[in-house]
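Following: one structure in structure tokens, then a few remarks.
The numbers here are math on the coordinates, done by the rules we state, and not lab data. These figures come from a predicted structure and were not determined experimentally. In this analysis, Cβ positions are derived from the backbone assuming ideal geometry, glycine residues included, and neighbour counts consider all displayed protein chains.
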Number of protein chains: 2
Amino acid sequence: MAAKKNKQTPDFNTEQKIKAAARLVFHKKGFAAARTRDIAEEAGMNLALLNYYFRSKEKLFQLIMFEAIAGFMQNMGAVFNDENTSLEKKVELIAEKYIDLFIMEPELPLFVMSEIRSHGAEILEKLPTVNTIMQSAFIKQYQKAVKEGKITEPKPLHFIMNLMGMIVFPFIGGPMLRKVGKLNDRQFNKLMQERKKLIPIWVKAVLKAK
Amino acid sequence: MAAKKNKQTPDFNTEQKIKAAARLVFHKKGFAAARTRDIAEEAGMNLALLNYYFRSKEKLFQLIMFEAIAGFMQNMGAVFNDENTSLEKKVELIAEKYIDLFIMEPELPLFVMSEIRSHGAEILEKLPTVNTIMQSAFIKQYQKAVKEGKITEPKPLHFIMNLMGMIVFPFIGGPMLRKVGKLNDRQFNKLMQERKKLIPIWVKAVLKAK
DNA sequence: GTCTATAACGTGATAGAC
DNA sequence: GTCTATCACGTTATAGAC
């Protein structure tokens, strides 16, 4: 605390400003379409600063991408592997955490999926969770429930596709859905809030469908 | 029929070759990351030909984009507006047509969604169906079923999100899902084939969930 | 119609003054 | 640390020979 440093830009320094601007522009346009000049302008400063702080567009992108992936992971991993929560509870937690995340950063899902398409393997390598999902507590619980006849669809992958589809698609198709339903941002977000409660109910019905 | 023309490249002319190559490259990389040189090389010919036939990268892209959108539409529109098929039948038709389409062109959904993000409004204007969905026979049937107590969720938009999410997400997240489930292309496509039958069943369960 | 060579331009990155 | 000016390079597009 004490006294503020007597520098020109006190609280949010330029490095943070550039990073915030980079996140915005990269998420919105993707790596290839984003121009370093866009980012500099968005940050309200000169292009040269970007290279001064981050060396290159590529380096800056890696940073933003890593944080985006980390955002995806921190939710997933812990929930999936917790042996002390039921399958139902896990679904509730995943729906709630992801929808909250995507309401805050609506461009995140499409950004990550698009960049995986381009940079493919390199990015997927950085997702350790991806390799462990099929051994998680979640999967074991699912398979147990199948054996006990509580679930009709035997393949957990179908279930994951359904759950993630219901959660992610509205954000991927956001612009189109706003147009279809003539929704403004507030109305759209309200729908997403509803889905936090509804998805677990729907998913439970799917599990017992036949 | 008669005799073939005595030209060098008989059946598939260069224009078609370039278009096919452009579709491949644009779908895979998106507009910004795609280079005209990539397209020319993919078509097995020189860069100059591309400009000779299509004037510019932008023009060629517009063409590919338009066809991609048309692919989306021709399925949608007719099915949604047919007053002589039941709600259940419509779901079956949509699931089947879209999954067949996406198995043939797996990059299509992510391509269209990504480019809508970048080019936004301009592209959505070209989707007349988008504006008419909420007045379609499909929606009227849905609302009627809600009134009759056959459906618990009153908002058709939630239903559309769920249906499209289940259909589209596996292709959007294809690379990730292959990794998660350690699936090769054949196994992945087999899963998608299964989903053609399963999605209508699941969706029916969702409609009655409470 | 198809090619090679090159022009015209946009973008990422750096030099150097302040 | 921050700016302006500029370089270096890759990419789109075109000119012109064949």
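A few points about this structure:
- Placing R0 at 30 angstrom, the Cβ-Cβ distance between A:Leu47 and A:Lys190 gives a FRET efficiency of 0.15 after rounding to 0.05.
- For A:Lys97, the lysines whose Cα comes closer than 20 Å to its Cα, not counting residues fewer than 8 places off in the same chain, are A:Lys89, A:Lys190, A:Lys196, A:Lys197, A:Lys204.
- Three-way shape label, the protein assembly as shown, alpha-carbon gyration tensor, a/c 1.5: oblate
- Percent RCO, i.e. relative contact order, over chain B, from Cα pairs under 8 Å lying at least 6 residues apart: 21
- Here the range A:89-203 is treated with +1 on each Lys and Arg Cβ and -1 on each Asp and Glu Cβ, and its dipole about the Cα centre works out to around 480 debye.
- The aspartates and glutamates whose alpha-carbon is closer than 16 Å to the alpha-carbon of A:Lys17, local same-chain residues fewer than 8 away aside, are A:Asp38, A:Glu41, A:Glu42, A:Glu67.
- Annotation: aspartates and glutamates with alpha-carbon distance below 13 angstrom to B:Lys90 (same-chain offsets under eight excluded): B:Asp82.
- Relative to the other identical copies, B:Lys155 shows label-point distances of 3.1 nm, where the label point lies 7 Å from Cα along the Cβ direction and values run shortest first.
- With its label point defined 7 Å out from Cα along the Cα-to-Cβ axis, B:Glu88 lies at 2.8 nm from the matching points of the other copies, in increasing order.
- For the range A:66-208, a/c is not less than 1.5, where a ≥ b ≥ c are the root eigenvalues of the C-alpha gyration tensor, and a/b does not top b/c. That puts it in the oblate class.
- Rounded to whole Hz, the Karplus (6.51, -1.76, 1.60) HN-Hα couplings of the range B:102-112, x for glycine and proline: 6, 5, 6, 10, x, 7, 4, x, 5, 4, 5
- The range B:6-75: chymotrypsin sites (Phe, Trp or Tyr not before Pro) falling in loop per DSSP and having at most 16 other Cβ within 10 Å: B:Phe12
- For the range B:43-111 versus the range B:181-204, the gap between their alpha-carbon centres in whole angstrom: 21
- Note, ³J(HN,Hα) from phi for the range B:157-166, Karplus 6.51, -1.76, 1.60, rounded to Hz, x at Gly and Pro: 4, 4, 5, 4, 4, 5, 4, 5, x, 5
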